[in-house]
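Below is one structure, written out as structure tokens, with a few remarks after it.
Derivation of every value follows stated rules applied to the coordinates shown; laboratory data play no part. Computed from a predicted model, the values in this text were never measured in an experiment. With ideal geometry, Cβ positions are generated from the backbone for all residues, glycine too; neighbour counts draw on all protein chains shown.
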Amino acid sequence: MYSHISDAIKKPHLIKLKKNLYVARFESMKIYSTLFTVKKLLERKIINKNSILIDSSSGIYAYALALACHKYKIKCHIIASKTVDKNIKSQLNLLGATVEGIDFAGTLKLDQEYRVKKVKNIIKENEKYYWMQQYHDDIHYEGYKEFAELLSNEISSDDLILVGGVGSGCSTGATATYLRENGKKVCLYGLQPYGSVTFGCEHVEDPEIIIAGIGSAIDFSNVKHSNYDYIDWLSFDLCRVGTLSLMRNHAIFAGLSSGGSYYVADKLNNQQPNKPCIFIAPDMGYRYVDDVFLSDKIFCTEPNEPKIITSADELSLPWSRIKWSREEKIHLNKFKNKKMERV
């Protein structure tokens with residue numbers, strides 16, 4: 001029996017969709033990270049019961065942090081993205097979190113920059129505040145060791161494919177890291193939206209994309225580029241197709257990055273049916289009801305395979321892929337300025 005709801009819902013349901021295609025379906029994936037991080041910070045006496053934990057979030061992390069703070073009876077303060085809807089805000093408020101937005105910034109890049117700037121200003125003015133730095137502190141990696149162990153125990157093969165959103169780099173990057181430490185040969189496909197700076201796509205716009213969560217408009221220190229074997233960029237429309245297909249085909253109600261990951265994983269499974277392929281569905285689909293599930297927008301053309309690229313100027317919608325080959329971040333300069341070895 002669990003003593004707090006966060007412990008009960010942090011683990012995913014691992015579901016077999018068809019031969020060698022699996023989904024790790026979370027209610028909220030980042031609970032792994034926040035529970036571990038808050039506990040360790042308390043044990044190390046970096047924070048105490050009088051601390052106020054603060055961070056910027058587009059939704060999933062805010063909910064996870066509020067749950068962890070509720071469990072450990074610590075106050076938290078969220079600087080919320082404009083993508084945080086009223087449903088999440090109401091839950092955060094009831095969990096005791098202080099939720100604060102910013103004035104409309106015009107773009108998601110400015111939205112992220114202004115939120116981080118606001119966090120920095122707040123912690124300067126009050127010594128009780130502790131900045132969690134989900135985008136920059138490596139401690140957030142450690143929470144996913146338990147998830148990696150769960151996958152290691154459930155998937156007997158030592159050779160597998162893992163697909164999921166890059167985001168802050170902790171969920172997919174950390175999971176692959178610990179799986180590899182456990183002896184698994186993991187080929188990691190990281191999902192990015194067009195417009196994200198993390199892997200050099202800031203110059204390609206997708207007018208429909210909700211970048212929050214799987215991409216970034218500012219630099220994230222926690223993204224270790226050397227964790228990723230391939231990077232796939234998907235358009236909003238293609239992620240939407242995947243999200244709706246995931247519900248229709250498998251009755252799984254999940255978010256936009258889940259749909260994009262499913263789209264990629266399903267194609268990979270068709271190409272390599274004898275190798276286990278696991279994709280991550282990090283949250284439920286509630287905040288996408290209006291823009292995804294109830295939208296009457298006409299579907300886009302669905303390619304069966306991505307456009308294979310070797311440089312940034314080749315990027316184009318709706319689906320591009322590069323073989324990243326676990327290169328360091330410095331590889332970005334080469335990607336942006338000249339062609340790399342073709343896949």
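Numbers below:
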| item | result |
| --- | --- |
| Cα-centre dipole for the chain with unit charges at Cβ (Lys and Arg positive, Asp and Glu negative), debye to 20 | 740 debye |
| For the chain, the fraction of alpha-carbon pairs in successive 10 Å shells from zero, as % | 6, 26, 36, 24, 7, 1 |
| Relative exposure of 216, 320, judged by other C-beta atoms within 10 Å (fewest first) | 320, 216 |
| Cysteines, the chain, no other Cys beta-carbon under 4.7 Å | 170, 187, 201, 239, 277, 300 |
| Length added when fully stretched, residue 329-residue 181, from 0.36 nm per residue minus Cα-Cα | 51.1 nm |
| Neighbour-count order for 158, 55, fewest beta carbons within 10 angstrom listed first | 158, 55 |
| Cα point-scatterer Debye curve for segment 198-263, base-10 log of I(q)/I(0) at q = 0.16 Å⁻¹ | -0.60 |
| Given the chain, longest segment not containing exposed loop trypsin sites (Lys or Arg not before Pro) (DSSP; at most 16 other Cβ within 10 Å) | 129-296 |
| Translational diffusion coefficient (Stokes-Einstein; Kirkwood radius from C-alpha pairs) of segment 168-320 at 10 °C, 1.306 mPa s, in µm²/s | 100 µm²/s |
| Segment 31-131, relative contact order [Cα under 8 Å, separation at least 6], % | 29 percent |
| Neighbourhood net charge (15 Å Cβ-Cβ; Lys/Arg +1, Asp/Glu -1) for residue 283 | +2 |
| Neighbourhood net charge (9 Å Cβ-Cβ; Lys/Arg +1, Asp/Glu -1) for residue 35 | +2 |
| Over the chain: helical MRE at 222 nm, DSSP H runs n ≥ 4 each giving -39500 (n - 2.57), nearest 500 | -10500 deg cm²/dmol |
| Inverse of mean 1/r across different Cα pairs in segment 50-154, Kirkwood, Å | 14.6 Å |
| Charge context of residue 54, other residues only, Cβ under 14 angstrom, K/R +1, D/E -1 | +2 |
| Principal axes of segment 224-291: Cα extent on each, largest first, Å | 35, 28, 19 |
| Residue 293-residue 154 FRET efficiency (beta carbon distance; Förster radius 25 Å; 0.05 resolution) | 0.30 |
| Exposure proxy ranking, count of Cβ atoms within 10 Å, fewest first, for 131, 324, 319, 233 | 131, 324, 319, 233 |
| Spacing of the two label points (7 Å from each Cα toward its C-beta) at residue 118 and residue 3, in nm | 3.5 nm |
| Of 19/82; 39/224; 18/323; 49/117, pairs whose Cα-Cα distance is over 28 Å | 19/82 |
| Using a Förster distance of 25 Å, the FRET efficiency for residue 219-residue 142 (Cβ separation, nearest 0.05) | 0.70 |
